[in-house]
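Asker: Quick one: structure below, then a few questions.
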Amino acid sequence: MEVAGGDLPHPLLAVVCCFPCHVSEHVGSFNLAMAHSTSIQYDPVAEIGGGAYGTVYKARDIESGQFVALKSVHVRTDQNGLPVSTVREVALLKRLEQFDHPNVVRLMDVCATKGANQETKVTLVFEHVDQDLKTYLEKAPAPGLSPDRIKDLMKQLLCGLAFLHSNRVMHRDLKPENILVTSQGQVKLADFGLARIYSCHMALTPVVVTLWYRPPEVLLQSSYATPVDIWSTGCIFAEMFRRKPLFCGESEMDQLGKIFEVIGLPPEEEWPTDVTLSRKNFPTLTARPITDFVPEINEHGAQLLLKMLTFDPLKRISALNALEHEYFRDEATSTQTKS
């Protein structure tokens, strides 16, 4: 929730731009001495979020008057500056900026200020969007979004995801809270590719992270790639119809159990070999019709949803192929409508 502007403890947040647009040319650790080259100031207007990664502020660019979102994380540094992994991740995000994809939140600046105890506060400056998908769904009058509106949101979401994946960016934490929806109904993915930037901070901070959108391979601590985002997208797809999450586990084991209650226990040959948790820890369950859990979805939508909620990530549909699915070719949605 937003707080009233002016109630913030610091009237002016000054951050120092340390990653120019050509940051992708950097191959080593970023030298903090460069952080003194350009100073850009932002005036915080309201605190608009917070959580595992720190506080998020809505702020005004002093120079342009434009509203932005400021997200900061503290990164451990050494005598050479920021870790190579952080610089590489930021370089990739800055490179995506030049494409200006309509379904991806634009990273406008990356800034840093040196702190105490060999820490640097890295501040990511994004375009500001007032509403996330969670809020958008909550605000929709009963009985919820129409099938056509859900289809449009899904198409935009998958377009943004296909763009990220084509540029070798995994989101890794896709959920309604970091899918933004503008006042014109445009979907924009936020917080993509930031998990590795935040990882060193996360190791030092006790956090509670939702498991509800995580795929089986992540819950099992197996290796993973871009299909993780497709699973999360499937969970969100179902939630648009249900107006509540599909899988609400309280632990990794509980989450897996709830998943298997829907899709069934996968066969032994599909169980990953690089995990310690045995398939024998779970009861033998057969798949139930997805319409038992998402009754409002039409036939083609149900088919697409199942392709997204496929246990084996290698068999899971890609974002590009999902966009070619019959669900998006339907001239009209099912007669089961929500007006």
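The values are calculated or read from the model by the stated rules, or taken from the named source; none is laboratory data. Remember, it's a predicted structure, so these values are computed and weren't measured experimentally. Don't worry about glycine lacking a Cβ; one is built from the backbone with ideal geometry, like all the others, and counts go over all protein chains shown.
Asker: Given the criteria aromatic (Phe, Trp, Tyr) and either assigned to a loop (DSSP other than H, G, I, E, B) or within 23 Å of the chain's Cα centre (by Cα) (or both), does Phe247 qualify?
Answerer: Yes, satisfied.
Asker: What is the residue count in region 55-91 for residues that are more than 15 Å from Lys114 (Cα to Cα), surrounded by fewer than 18 Cβ atoms within 10 Å (Cβ to Cβ) and at pLDDT below 80?
Answerer: The total comes to 4.
Asker: It is to be established whether one or more residues within region 108-126 are surrounded by fewer than 17 Cβ atoms within 10 Å (Cβ to Cβ), assigned by TED's automatic domain parsing to the domain that holds Leu96, touching a residue at least 40 places away in the same chain (Cβ under 8 Å) and of a type in the set (Gly, Ala, Ser).
Answerer: Scanning region 108-126 turns up at least one residue that is surrounded by fewer than 17 Cβ atoms within 10 Å (Cβ to Cβ), assigned by TED's automatic domain parsing to the domain that holds Leu96, touching a residue at least 40 places away in the same chain (Cβ under 8 Å) and of a type in the set (Gly, Ala, Ser).
Asker: Right, next: Within region 274-295, does at least one residue satisfy the condition of being outside any loop (DSSP other than H, G, I, E, B) and in contact with a Phe, Trp or Tyr (Cβ under 6 Å, 6 or more places away or on another chain)?
Answerer: Checked region 274-295: at least one residue is outside any loop (DSSP other than H, G, I, E, B) and in contact with a Phe, Trp or Tyr (Cβ under 6 Å, 6 or more places away or on another chain).
Asker: Just the residues that are in contact with a strand residue (DSSP E or B) (Cβ under 8 Å, 6 or more places away or on another chain) and of a type in the set (A, V, I, L, M, F, W, C), please, taken from region 160-182.
Answerer: Residues satisfying the conditions are Leu161, Phe163, Leu164, Leu174, Ile179, Leu180, Val181.
Asker: Within region 148-170, which residues are closer than 14 Å to Asp100 by Cα and not in a helix (DSSP H, G or I)?
Answerer: If the condition is that a residue be closer than 14 Å to Asp100 by Cα and not in a helix (DSSP H, G or I), then Asn167 is the only one that fits.
Asker: Looking at Ile230, Ile259, which one is touching a Lys or Arg at 6+ places or on another chain (Cβ under 6 Å) and within 21 Å of Lys315 (Cα to Cα)?
Answerer: Ile230
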